1. In the range 185-307, if the dipole is taken from +1 on Lys/Arg beta carbons and -1 on Asp/Glu beta carbons about the Cα centre, which of ALA213, GLN269, VAL306 is farthest to the positive end?
2. If you place +1 on the Cβ of every Lys and Arg and -1 on the Cβ of every Asp and Glu, how big does the dipole about the Cα centre of the range 100-184 come out, in debye to the nearest 20?
3. Set the Förster distance to 22 Å, then compute FRET efficiency between LYS273 and LYS190 from the Cβ-Cβ distance, nearest 0.05.
4. With a Cα-only, solvent-free Debye model of the range 100-184, what are the log10 I(q)/I(0) values at q = 0.13, 0.21, 0.25 Å⁻¹?
5. In the range 185-307, carbon and sulfur make up what percent of the accessible area (probe 1.4 Å)?
6. Take every Cα pair under 8 Å in the range 100-184 that's 6+ residues apart, average their separations, divide by the length, and report that relative contact order as a whole percent.
7. If R₀ is 35 angstrom, what is the calculated FRET efficiency for the pair GLU262 and ASP220, using the beta carbon separation as r and rounding to 0.05?
8. Go through 219-227, 151-159, 299-307, 252-260 and give me the packing order, highest mean Cβ count within 10 Å leading.
Amino acid sequence: MKPSHTFGLVLLAIAATVAIEESRMAQLRAHLDRVEASIAKTPAGGKAEAPATASLTADDQPTRVRERPDAKPDATAKKAGEDDGSEDLSKTVRKMWENPAGRSMMNQGVKMAVAMMYGDFIDGLELSKEETEYFRNLLGQEMADQQEIGMKMMSASPEEQAKLAEEISKRAKDNEEEIKKFLNSEEDYKKFQAYKDRLPERQQLDGLRATMASKQVALDPADEEKLVEAMHRARTQPNVVDYSGAKGFEEISKGNAVEAFEQNWTRQQENLKKEVSGVLNEKQMEAFTEYQEQMKEFQLMGIKMVAGKKGQADEAED
């Protein structure tokens, strides 16, 4: 199951890193090779850029050339205290982070995730090789920051977690400004925001397709687009918390992370049923609900990992 960007910027940096490295590495490398081959056809125009995890400054930034064409738009939770493997996975990820070779592998996973998630949008911009590399680094910087803060939160005190949540919010805001500056176009920036805002939904499409195909209730492309928009509306309603970015860290730092997530999940599912009822038929809704339960389990595992011991202690007390 491909991890959803809904929790990707909270969990892609943590649990999904292991999933990428252990079960998706070969597939993502093949995809990256194709991307690199496409980029290589464009003449290079500048110096090599730093890795995705390196800080990017205004002095290093190549402003995008504006003469190019505009981009085209493009299982039920377990009971408290029950072992779901999150603790073992948490230990595995921490060991990877503490080891230089493991950290390098995780950073490579970030680069691959950028190529996989933003490839279509980047292709539509028709950038030069230098611009493409810089833009990919900017996009990877946000994931790398989430990865770093997420690792620190695993062993942080409640007070430290609150400070780390503030730090990731600041970094995210700064990085967004750099992206806007690079794109050098209000129209393209709005398209980027729309594309990014719907990544949590689009990252679920492969898993949904597989689930629905197994039930012989596949969606056509037009209905897939309608489903993406319906899921996006449900996730962005004012009565739910969006765990897709810095806000997720803020929520986890408040304590009672699992309980808060469960309550939020219930509200979001109520929104979701209303939004998708006009898109899916009865059989498709059954398959969709089954997939949502799988996603919930994966998200809970990541929430527990990021919350650390305090989050599990809060859960045990409830």
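1. The listed residue farthest towards the positive side: VAL306.
2. It works out to roughly 220 debye.
3. Once rounded, the FRET efficiency stands at 0.15.
4. -0.50, -1.03, -1.22
5. That share works out to 47 percent.
6. Result for the range 100-184 is 31 percent.
7. Efficiency for this residue pair is about 0.55.
8. With the highest mean Cβ count within 10 Å placed first, the list reads 299-307, 252-260, 151-159, 219-227.
The values are calculated or read from the model by the stated rules, or taken from the named source; none is laboratory data. What you are looking at is a predicted structure, and each value in this text was computed from that prediction instead of being measured. Virtual Cβ from ideal backbone geometry, glycine too; neighbours counted across all protein chains shown. These accessible areas exclude ligands, DNA and RNA; they are computed on the full protein's heavy atoms, side chains included. Shrake-Rupley method; radii C 1.70, N 1.55, O 1.52, S 1.80 Å.
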